[in-house]
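Asker: Next up is a structure, given as structure tokens.
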Amino acid sequence: MSNVVDKSKGPEEVAIDDARKTVNRGIGQDAPVDESIDVGPSSEPRVILDLPVDWTGKRHQPIDISTTASRHFFRFVNCNQLTKQKRLQIVEYPHLSDTPYATISYVWRGKTAELDGVATFQVAGALNANPVSVEILHYICVVAEKEGVNYLWLDLLCIMQSDDDDKSWQIEHMYELYTCCTLCIVLPAGLQYIPRLDEETGWIHRGWTLQETVAPKRTVVLFQWTFGSGFVVASSGYGQSSTVTEVVPGYAIAAASDVINACVVGFMFFFRKYPGDDPRVQPLFAMQTRIFGQLSSNLLSLAAAMDNVIGAGQDVREHAIWQCAMMRNTYDPVDMVFSIMGLFGVTLQVKGFAKHDRLGATIALARKVLESGKSASWLGTSFRLPPCRYLATFPIFPLTGLAEKALVRTKDGLREMSDFMDCEFPNADALQSGMPTGTMDDAGYLTFTSRYAYVVPEHQQSESNSADLLVKAVDGSVWKVVESPPTSPPTFAVIVGWFNEYTPGKTLALHYYWIKVVLVRDHAPGKAHIILFGAMNQKFRKDVMMWKTGQFTVGGPHPVLHGQQHTGDESEVVEVVRDDMGFEMRKMGTQGRSYKTWKDLNAPRAAKAWSQVALEKFYATADRDTRLPTDWAEKGFDGFDS
């Protein structure tokens, strides 16, 4: 089949010609695909759309590839055609070839911009997405070309949005698409507007952006930038640097991991010269960074998953991924599972789950993860939220759907799920064991082996002393370890693991309660559920190492009704939520300050950094190499004093 398109024809004629060439391949047809149609080898992509781009006016007819595209094919935008010929050309392959391509990570409904005189288009089947600015699409293609890539995968254009069968197939291959790409370009505000680094966007709250960031070999962020190319350090002290590269005047790219780390601490340093370890090379300025939010637990978990050191451990990386997923949102609740399954090496049949069946899909994913020999790395995803009533080894599931963020109902109103994440990650060496492994049945009961002890509420004991082994529970109660259970059914303190806090560039030990446990109690013969999460002081490490080992089957206690659409605990109201579990915090720094969280450590410094708007105003009339020091950056610090 010829791939040549007659450019003298109008869009409608081209579409009609292409439709004639794709008999039996249209949307909604139940007839089998005509295998006699020659789609050509993978090295010869077939053109399914080739339209001139109107750069001076708006397009009103949605783009529709349903009459020309082949189901279950991979499709790409031709960057050279867009940048050189001003044509929107989409090609398709029957399978992923060796041809390099870039992917995009963005939000469908991002920040809208003034588009008078700018060409835009929408896509049939995705009219709920913001219109796409052809100018922004042009910039994306320029970035791809500068990286030596000519093809671009953009879900809006490369999936038949009106065809549920094609969408299901594409979702099942989404992880493959992102792992095989040359690079992924992040557009945090969507496809109408490129934001500054100090402008907050909703990108971090969307479910699909997690896989899009973690899976690719290289992920970069495109943002407004007028300071030229240089180097950035995204941590609370001068350390390892990475580049920021101006791609076109006014716009630059930087590694996503650097931008994420900078948002975690709230700022980044910018150097004109490579700083290395030379203390004489000073930054030009410290700039506020909040393009993905600021000082957010969602960010911190993502940073841990991407960290080349701490994230290299399978338990840590996968625990961080579970945390991220609990703090994000998708329009269809089940997509929260589909958006992360590839990160665990699992593929679920998308059409096998109703769009609201998040619980059923979560159980299916967890079962496959365990069957592959991996651990129950989701344990302890949030120690400060009650366990799910249907799936007790998980915390309650947040509200999903139309809300911009993942939310939890509390007696004081809706709160962000990220408010209840401690960003602590398992340390397998501390207790000489990783996260528990085991099996899960189709009712969501996890069977695993771990160290345990009997516990009772401390007030039930008439005597207590400093040598007692105590568990602090999330509701503020204290439980004492005893030799034998005084009541039936007994309550067990079961070890989940040793967890340490994480901050990019540093691991901060802000408190001593690193041994995390679950308090479980039987509700049926051989079946238990979690009643509370808790923690123990690290001074009890040797005692805990001597505990007996037993097998537990934990789930429920409410049954999961298969065949129904279970989203989880969206209607549950959390009555008691403690923000710090009552832990005594360590005194840090020369002034002996007590920091309850890593946010307290970095917020004062982020407030002292320059805004990008202020920097742009200053450098509009000053030499670009003029330094703008801040007091704390100029004096240096030990990592704790602000």
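The values are calculated or read from the model by the stated rules, or taken from the named source; none is laboratory data. Given the structure is predicted, the values throughout are model-derived calculations rather than measurements. Backbone-built Cβ (ideal geometry, glycine too); neighbour counts: all protein chains shown.
Asker: Which ones in the range 605-620 are small (Gly, Ala, Ser) and assigned to a helix (DSSP H, G or I)?
Answerer: Ala606, Ala607, Ala614
Asker: Something else now. Within the range 431-447, can you find the residues that are polar (S, T, N, Q) and modelled with pLDDT of 95 or more? Before the answer, list the steps.
Answerer: Going residue by residue through the range 431-447, those that are polar (S, T, N, Q) are 432-433, 437, 439, 447.
Of everything in the range 431-447, those that are polar (S, T, N, Q) and modelled with pLDDT of 95 or more turn out to be Thr437, Thr439, Thr447.
Asker: A further question follows. Here is a check on your reading of the model: is Val518 surrounded by 12 or more Cβ atoms within 10 Å (Cβ to Cβ), at pLDDT 90 or above and in contact with a Leu (Cβ under 7 Å, 6 or more places away or on another chain)?
Answerer: Against the criterion (surrounded by 12 or more Cβ atoms within 10 Å (Cβ to Cβ), at pLDDT 90 or above and in contact with a Leu (Cβ under 7 Å, 6 or more places away or on another chain)), Val518 does not qualify.
Asker: For Ala443, are the conditions met, namely being among the aliphatic types (A, V, I, L, M) and surrounded by 20 or more Cβ atoms within 10 Å (Cβ to Cβ)?
Answerer: No; evaluated as a whole, the condition is false for this residue.
Asker: Give the range 89-111 a look and list any residue that's surrounded by fewer than 23 Cβ atoms within 10 Å (Cβ to Cβ) and hydrophobic (A, V, I, L, M, F, W, C), or say none.
Answerer: Val91, Leu96, Val107, Trp108
Asker: Looking only at the range 470-490, how many residues end up being without any contact (Cβ under 8 Å) to a residue 60 or more places away in the chain and buried (at least 22 other Cβ atoms within 10 Å of the Cβ)?
Answerer: The qualifying residues number 1.
Asker: Being outside the structural domain of Gly207 (by TED's automatic domain parsing), surrounded by fewer than 21 Cβ atoms within 10 Å (Cβ to Cβ) and at pLDDT 95 or above, is that true of even one residue in the range 374-393?
Answerer: Within the range 374-393, one or more residues are outside the structural domain of Gly207 (by TED's automatic domain parsing), surrounded by fewer than 21 Cβ atoms within 10 Å (Cβ to Cβ) and at pLDDT 95 or above.
Asker: Could you please tell me which pairs satisfy a Cβ distance under 7 Å, a separation of 6+ or placement on different chains, a first residue in the range 42-64 that is under 15 Å from Leu156 (Cβ atoms) and modelled with pLDDT under 80, and a second residue that is aliphatic (A, V, I, L, M) and surrounded by 13 or more Cβ atoms within 10 Å (Cβ to Cβ)?
Answerer: Arg59/Ala119
Asker: With respect to Gly352, is the statement that it is in contact with a Phe, Trp or Tyr (Cβ under 6 Å, 6 or more places away or on another chain) and surrounded by fewer than 23 Cβ atoms within 10 Å (Cβ to Cβ) true? Step through it out loud before you land on a result.
Answerer: Numbers: in contact with a Phe, Trp or Tyr (Cβ under 6 Å, 6 or more places away or on another chain): no; surrounded by fewer than 23 Cβ atoms within 10 Å (Cβ to Cβ): yes.
In short, no.
Asker: Restricting to the range 122-176, what's the tally of residues that are surrounded by fewer than 21 Cβ atoms within 10 Å (Cβ to Cβ) and among the hydroxyl-bearing types (Ser, Thr, Tyr)?
Answerer: Qualifying residue count, the range 122-176: 3.
Asker: Then there is this: Check Gln591, Gln612 and return the single one that is out of contact with any Phe, Trp or Tyr (no Cβ under 8 Å at 6 or more places or on another chain), modelled with pLDDT under 65 and of a type outside the set (A, V, I, L, M).
Answerer: On the way: Gln612 fails: modelled with pLDDT under 65.
From the options Gln591, Gln612, the qualifying one is Gln591.
Asker: Can you report the number of residues in the range 199-225 which are in contact with a helix residue (DSSP H, G or I) (Cβ under 7 Å, 6 or more places away or on another chain), modelled with pLDDT of 95 or more and assigned to a loop (DSSP other than H, G, I, E, B)?
Answerer: The total comes to 2.
Asker: Same structure again: Tell me whether the range 554-562 contains one or more residues that are at pLDDT below 95, closer than 18 Å to Pro457 by Cβ and surrounded by fewer than 23 Cβ atoms within 10 Å (Cβ to Cβ).
Answerer: Initial filter on the range 554-562 (at pLDDT below 95): 556-562.
Now drop any that are not closer than 18 Å to Pro457 by Cβ, which leaves none.
No: zero hits.
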